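Working notes, beginning with the structure itself.
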Amino acid sequence: MGELSHDPGAPAPESAGLPSNGGLSIGEISRMTGVSVATLRTWEQRHGFPEPHRLPSGHRRYDPAVVEAVLAVLRQREEGVRLETAIAEAQQPDGRSAPSVFSEVRRRSAYLEVHRIRKSTLYAITRAIEDEFCARADLPVLFAGFQQQRFYESVRSRWEDLARTARSTYALADFDDATTPGDRVVQVRLSPESPLRREWFVVCDAHGLPALLTAWEIPGQGDLPDREREFEAIWTVDPRAVRNASRVCAATSLAVGAPGAELLVRQLAEPSSRPLDPSASARLFNRIVTYLDRQNR
């Protein structure tokens, strides 16, 4: 909560006066929400929120709807949601929250630690989960988020192999085309506004060998080399967290009419019943260390 500067005694929106001509100034947003001008400017610089428009005179103004969006961020933060996630959800059309694997896991499993890591480290953790869990589990349900289609194409053959022994396998990204006959992996096309386009995840929902990696890309890294970009990440073998992530992926797949998603949503409504293999955590840790060591040579 360090970046928040919210005065609970600040005037409510309806008592703070009418918007000035052409929209609200940042000072008016501050008075109506209790968030300091300095904090609003920090949010805008780091996260592109709130986004202003310019009057013909060049002055910056904000749409009145920004007030409710800022208040929504405050409510989310008070519930323990991370700032980046709260801002992304507040920016959804009509104020509706779009599904997010990272935010759902973070909300429901607040005991899990969040780590800030580079994309190159995400590769190592992802490969470890794929090899130790996805390839070894008995008929798992697999989901993976690739952000962009080109990232999926680079590992398409690998995921087609993983899908050979899976019950269902879904890849989510900004795909141009629907799944073609013969593909074992169902391609789920994400809408432009979906927060999953900024997330990286691999989910292995399997009895005895569940695993999850979910990561949220930190905004404002356009000038960094691809592998140096940083993410906030969670990885776990907790069956409850894995099942919650699976439900988000299945619901997203159903919303765009992906084949088999309706049945999958019903199946995943049940809690995971079989306990975790007690050696699974150690095996995952050892494999991650091995892959990171190879990567750094």
Label zone at Asp138, where the point sits 7 Å out along the Cα-to-Cβ direction: region 256-282 residues whose backbone N lies under 13 Å: 273-277
Rounded to the nearest 5, the percent of antiparallel DSSP beta bridges in the chain equals 70 percent
Given points 7 Å out from each Cα along the Cα-Cβ axis, report the Arg75 to Glu262 separation in nanometres with one decimal. 3.3 nm
So for Tyr62, Tyr111, Tyr291, fewest C-beta neighbours within 10 Å to most, what's the order? Tyr111, Tyr291, Tyr62
Could you work out the relative contact order of the chain, using alpha carbon pairs under 8 angstrom and six or more residues apart, expressed as a whole percent? 16 percent
At 0.36 nm per residue, and after removing the present C-alpha to C-alpha distance, how many nm does the segment from Phe151 to Arg164 gain when stretched out fully? 2.6 nm
Residue-wise, which Karplus ³J(HN,Hα) couplings in Hz belong to region 60-70, taking 6.51 cos²θ - 1.76 cosθ + 1.60, θ = phi - 60°, and x for glycine or proline? 8, 9, 10, 5, x, 4, 4, 4, 5, 5, 5
Going by C-beta contacts inside 10 Å, put Glu28, Glu262 in order with the fewest on the left. Glu262, Glu28
How would region 101-295 be classified by its alpha-carbon gyration tensor: rounded, prolate or oblate, with rounded meaning a/c under 1.5 and the a/b versus b/c comparison settling the rest? rounded
So the angle from the long Cα axis of helix 119-129 to the longest Cα principal axis of the chain, reported in degrees to the nearest 10, equals 40 degrees
Here FRET efficiency (C-beta to C-beta, Tyr111 to Asp176, R₀ 51 Å, nearest 0.05) is 0.85
Just to verify a number: FRET efficiency for Asp63 and Phe285, C-beta to C-beta distance, R0 = 41 Å, to 0.05? 0.30
Only helical DSSP H runs with n ≥ 4 go in: add -39500 (n - 2.57) per run for the chain, normalise by residue count and round the 222 nm mean residue ellipticity to 500 deg cm²/dmol. -11500 deg cm²/dmol
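Readers should treat all values here as calculations from the given coordinates under stated rules, not as data from a laboratory. No experiment lies behind these values; they were computed from the predicted model shown. Reconstructed Cβ throughout: ideal geometry from the backbone, glycine too, with neighbour counts over all protein chains shown.
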